[in-house]
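Values in this text are rule-based calculations from the coordinates and carry no lab data. The structure presented is a predicted model; accordingly, all values stated were derived computationally and were not measured. Cβ placement follows ideal geometry from the backbone for every residue including glycine, while neighbour counts extend to all protein chains displayed.
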Amino acid sequence: MEEQTPQPEPSLFERMRKRLTPEGVPADDRGRMRMVMESLILHIHPSKVETTSMKWTYTWGLGGLSALLMTILGGTGIILINNYTPAAPQAYLDILEINSNVWFGELIRNLHHWSANLLIVVTVLHLIRVFVTGAYRPPRELNWLIGVAMLLLVLGANFTGYLLPWDQLAYWAITVGTSIISYVPLIGQWLTQLVLGGPEVGANTLLNFYSMHISFIPLAIFGLMSYHFWRVRKDGGLTIPKSSKQTEDSKPERVTTIPNLTNREMIFALSWTAALLLFSMLVPAPLEGIANPALSPNPAKAPWYFMGLQELLLHFHPLVGAIIIPSIAIAGIFLLPFFDLNLKSVGVYFRSQRGRALTVLAVGIALIATPIWILLDEYILNWTLWLPTWDTLLSNGLIPLAVIALPLILLDDRIHKFFQADTEERVLFIAAFLFTAFIVLTLIGIYFRGPGMNLYLPWNMPTVVH
Ligand code: HEM
Ligand code: HEM
């Protein structure tokens, strides 16, 4: 009898090309629909993924959650533009209308508001995850740079959106936030005029912000996002520690993306959407009285994500607090991948046991030192009084900056010598210190600053008049 040679199973791609079901028979309409979906998914994901990169606790799903929030923002944003006019004072009346007379209007607005705020937190956490696992090392440094650009755009989207409700909160937060632009050397006044469309926040600013908010910024983010995803694939998937990726004689364990990864992603996305919906049903987005340029609240605060910057301005000459320090910080974040030279520990959280200990140490020191420095600067240090003949850029800017930088440089030197820390562990230490200091500044700005921008304990805070 003639023996039949077993036919090899068609590969996923071959099946799709020939429109065959997994059993190898021609697909009906439903089967074809499913194939369209599968092929769509396979434009984003590879057909197989390594099991290690699927662990929740490696990425915490933070990149995926950023993408989900962006999608929700795009969807709710498109609904909101149908009921919104970017003109003062009509904009405010439209928000009242959205909140009271538009079907599900308040829910859509709340979803847009809370997703936008959560997006900042989640994108920053994603950046931290990528940083502490060293996932920005070659070949992924370009994706890091794209990520930083997206983070800046996300902040831009939040800032331009903040003005749109045209209430007191929006008007004064944007007035404080945009005042920083005037400190840019040489072109400050011109730039302020360009952004505001006039000498102060007004109807032209609202129109400028609206057009940036609904066109250039989201288009740029969605464009970069597509490239970001493509690069993750192109760079060989997620960064995985060498040891777990491959042992001497074994290949890394891999499973098919559909349904193993896609099921998890679906559960994750649906749970977050449900949680966001529930939150938006229960907690309304803030809305105060209509914008009144003649009535400034005391204190007038920038949006929460710029409060660290506003706090810096209370301690330094504006050129140092608003321009030099933020520029160094942004340049530093952009260049981080190029300071770190070690490829071996890539993919390992905090890179090593010593890296972990040094991070904890840096966070601890920053948590104690930052409030102490704020109190000292508020009540004891008075550089302009001590150096009355010096230019304030020096006495209240570069000198205090040098006084802060010096102990940090000494500390770094001690860590290098005492703990024999490598370059990447030192980068980790300094970044953890500076990042924690910035968070403390932000929290103090949000919760401990009251009338006159003086320090108060949150539970003794006088009521703010808007
Ligand atoms: C809207 C903002 C962003 C979105 C939607 C996004 C999305 C993603 C996704 C889905 C991944 C793969 C899985 C994961 O790590 O969760 C990823 C990986 C990555 N992201 Fe982002 N990201 C954003 C912002 C950023 C930022 C701010 C940075 C850093 C500055 C960054 C740097 C990276 C890098 C280097 C990878 C590769 C990580 C690895 O190999 O382990 N991304 N991103
Ligand atoms: C990165 C994405 C986006 C972010 C971070 C963002 C952020 C914001 C924020 C914080 C507000 C103020 C919400 C409030 O308190 O009322 C807002 C309002 C608004 N956004 Fe967006 N948005 C994004 C994308 C979009 C898109 C794509 C559109 C339209 C296509 C849009 C349209 C609007 C409109 C019409 C308002 C005014 C209505 C309102 O204030 O509730 N947004 N946005």
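At-a-glance table
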{"quantity": "Helical contribution to [θ] at 222 nm, DSSP H n ≥ 4, -39,500 (n - 2.57), averaged over the chain, rounded to 500", "calculated": "-20000 deg cm²/dmol"}
{"quantity": "Cα-based helix-to-principal-axis angle, 90-100 vs the chain, degrees rounded to 10", "calculated": "60"}
{"quantity": "Rg to Rh, two decimals, where region 306-466 supplies the alpha carbon set and Rh follows Kirkwood", "calculated": "1.02"}
{"quantity": "Neighbour-count ranking [beta-carbon atoms within 10 angstrom, fewest first] of Ser66, Ser271, Ser182", "calculated": "Ser271, Ser182, Ser66"}
{"quantity": "Ascending count of other beta-carbon atoms within 10 Å, so fewest first, for Thr133, Thr175", "calculated": "Thr175, Thr133"}
{"quantity": "Taking the chain and dividing mean pair separation by its residue count, relative contact order in percent (alpha carbons under 8 Å, at least six apart)", "calculated": "20"}
{"quantity": "Neighbour-count ranking [beta-carbon atoms within 10 angstrom, fewest first] of Lys251, Lys301", "calculated": "Lys251, Lys301"}
{"quantity": "Stretchable slack from Ile128 to Trp304, in nm (0.36 nm times residue separation minus alpha-carbon distance)", "calculated": "61.4 nm"}
{"quantity": "Relative contact order (percent, whole number), region 327-447, Cα cutoff 8 Å, 6+ residue spacing", "calculated": "45"}
{"quantity": "Dipole magnitude of the chain, debye to nearest 20 (Cβ charges: Lys/Arg +1, Asp/Glu -1, about Cα centre)", "calculated": "840"}
{"quantity": "Those residues of region 428-464 whose amide nitrogen sits under 19 Å from the label point placed on Ile328, 7 Å along Cα→Cβ", "calculated": "428-442"}
{"quantity": "Ordering of 429-440, 282-293 by burial proxy (mean other Cβ atoms within 10 Å per residue, highest first)", "calculated": "429-440, 282-293"}
{"quantity": "Centre separation in Å (Cα based) which lies between region 318-340 and region 293-312", "calculated": "22"}
{"quantity": "Helix axis angle, 141-163 relative to the chain longest principal axis, alpha carbon, degrees", "calculated": "60"}
{"quantity": "Cα radius of gyration and Dmax for region 418-466 (Å)", "calculated": "17.3, 54"}
{"quantity": "Area projected by the alpha carbon convex hull of region 215-367, averaged over all directions, nm²", "calculated": "16.4"}
{"quantity": "Per-selection Rg to Rh, the chain - Cα, Kirkwood hydrodynamic radius", "calculated": "1.03"}
{"quantity": "Cα centroid of region 136-154 to Cα centroid of region 427-462, whole Å", "calculated": "27"}
